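*Asks:* Got a structure for you, written out below as structure tokens; questions coming shortly.
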Amino acid sequence: MEPTRDYPLFGGAFSATLPPGAIDVSDLRPVPDNQEVFCHRVTDQSLIVELLELQAQVRGEAAARYHFEDVGGVQEARAVQVEAVQPLLLENLALRGCCQEAWVLSGKQQVAKENQQVAKVVTLHQALLRLPQYQTDLLLTFNQPPPDNRSSLGPENLSPPPWSLGDFEQLVTSLTLHDPNIFGPQ
């Protein structure tokens, strides 16, 4: 099985540890410049790292909820439900030197994929890392759609297992800034 690996993000300005089976979506389709998107080789799971403008008007837990609801609006979610919001310990982050506040949120959104009518309930786990000195909110999202009913190919199936919350936690805690110039002149 393919091991986890450190992967350069945003042209090498950041790096993070990605789980096995991560495919860079920018190799498949256009991705906005402020995002890095990875999909699982077999499941519909995805991981997104976004550089967003700091939303200074919201603080604390409200900031995590703000970004969760904003993602729901962009995806035209039919229902949005926050299940839990907790502070993230800064000492566990590779970005602890520049991150002033961090939150992790779990929730569900009812969304339809492009060109589909039926909306599915997707579990989202988000980590919000706030970097006010760079006027940036860093949002990491782990999308976990419901498993589909496709059967496995049997024991010879060597595809990587679905990603876990541990894989997402490793992405969040390993995210490292190498070049602050990505934020422009300070």
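*Asks:* Of the residues E69, E36, E61, E53, which is in contact with a helix residue (DSSP H, G or I) (Cβ under 9 Å, 6 or more places away or on another chain), closer than 23 Å to E101 by Cα and of a type in the set (D, E)? Break it down stepwise before answering.
*Replies:* Numbers: E69 fails: in contact with a helix residue (DSSP H, G or I) (Cβ under 9 Å, 6 or more places away or on another chain); E61 fails: in contact with a helix residue (DSSP H, G or I) (Cβ under 9 Å, 6 or more places away or on another chain); E53 fails: in contact with a helix residue (DSSP H, G or I) (Cβ under 9 Å, 6 or more places away or on another chain).
Every option except E36 fails the conditions.
*Asks:* From the set of residues in segment 12-39 that are in contact with a Ser or Thr (Cβ under 8 Å, 6 or more places away or on another chain), of a type in the set (A, V, I, L, M) and within 24 Å of L95 (Cα to Cα), which is surrounded by the fewest Cβ atoms within 10 Å (Cβ to Cβ)?
*Replies:* Kept after step one, since they are in contact with a Ser or Thr (Cβ under 8 Å, 6 or more places away or on another chain), are these residues of segment 12-39: 14-21, 25, 36-39.
Okay, now just the ones that are also of a type in the set (A, V, I, L, M), so 16, 18, 25, 37.
After this cut, where a residue has to be within 24 Å of L95 (Cα to Cα) as well, the list is 16, 18, 37.
Details: A16: 22, L18: 23, V37: 19.
Going through the qualifying residues, I end up with V37.
*Asks:* When segment 117-136 is examined, which residues are found to be in contact with a Phe, Trp or Tyr (Cβ under 9 Å, 6 or more places away or on another chain) and either polar (S, T, N, Q) or closer than 13 Å to C99 by Cβ (or both)? Explain how you work it out, then say what you get.
*Replies:* First pass over segment 117-136, keeping only residues in contact with a Phe, Trp or Tyr (Cβ under 9 Å, 6 or more places away or on another chain): 123-131, 133-136.
Once the filter is applied, which keeps residues that are in contact with a Phe, Trp or Tyr (Cβ under 9 Å, 6 or more places away or on another chain) and either polar (S, T, N, Q) or closer than 13 Å to C99 by Cβ (or both), segment 117-136 yields T123, Q126, A127, L128, L129, R130, L131, Q133, Y134, Q135, T136.
*Asks:* Going by what's in this entry, would D70 be described as among the acidic types (D, E) and open to solvent by 30 Å² or more (accessible area, probe 1.4 Å)?
*Replies:* Numbers: among the acidic types (D, E): yes; open to solvent by 30 Å² or more (accessible area, probe 1.4 Å): yes.
It is true that D70 is among the acidic types (D, E) and open to solvent by 30 Å² or more (accessible area, probe 1.4 Å).
*Asks:* Could you grab me the full set of residues in segment 48-95 that are small (G, A, S) and in contact with a Leu (Cβ under 8 Å, 6 or more places away or on another chain)? So that I can check it myself, show each step before the final result.
*Replies:* In the first step, residues of segment 48-95 are kept if they are small (G, A, S); the result is 56, 60, 62-64, 72-73, 77, 79, 84, 94.
Result: A63, A64, A84, A94.
*Asks:* So how many residues does segment 91-107 have that are polar (S, T, N, Q) and either within 21 Å of V80 (Cα to Cα) or without any contact (Cβ under 8 Å) to a residue 60 or more places away in the chain (or both)? Steps first, please.
*Replies:* Restricting attention to segment 91-107, the residues satisfying the condition of being polar (S, T, N, Q) are 92, 100, 106.
Still in the list and also either within 21 Å of V80 (Cα to Cα) or without any contact (Cβ under 8 Å) to a residue 60 or more places away in the chain (or both): 100, 106.
Counting residues in segment 91-107 that are polar (S, T, N, Q) and either within 21 Å of V80 (Cα to Cα) or without any contact (Cβ under 8 Å) to a residue 60 or more places away in the chain (or both) gives 2.
*Asks:* What pairs can you find where one residue is in segment 38-63 and more than 21 Å from N143 (Cβ to Cβ), the other is open to solvent by less than 70 Å² (accessible area, probe 1.4 Å) and of a type in the set (S, T, N, Q), and their Cβ atoms are less than 7 Å apart, with a gap of 6+ or different chains?
*Replies:* L54/T136
*Asks:* Quick check on V122: is it modelled with pLDDT under 95 and either part of a strand (DSSP E or B) or surrounded by 16 or more Cβ atoms within 10 Å (Cβ to Cβ) (or both)? Give the derivation first.
*Replies:* Values: modelled with pLDDT under 95: yes; either part of a strand (DSSP E or B) or surrounded by 16 or more Cβ atoms within 10 Å (Cβ to Cβ) (or both): yes.
Here the answer is yes, as V122 does meet what is asked.
*Asks:* Which members of segment 73-88 meet the condition of being open to solvent by 70 Å² or more (accessible area, probe 1.4 Å) and at pLDDT 95 or above?
*Replies:* E83, Q86, P87
The values are calculated or read from the model by the stated rules, or taken from the named source; none is laboratory data. Note that the structure is a prediction, hence the values are computed from the model and not measured. Using ideal geometry, Cβ is built from the backbone for each residue, glycine included, and neighbour counts are taken over all protein chains shown. Accessible surface is based on the protein model in full, side chains and every heavy atom, while ligands, DNA and RNA are left aside. Shrake-Rupley method; radii C 1.70, N 1.55, O 1.52, S 1.80 Å.
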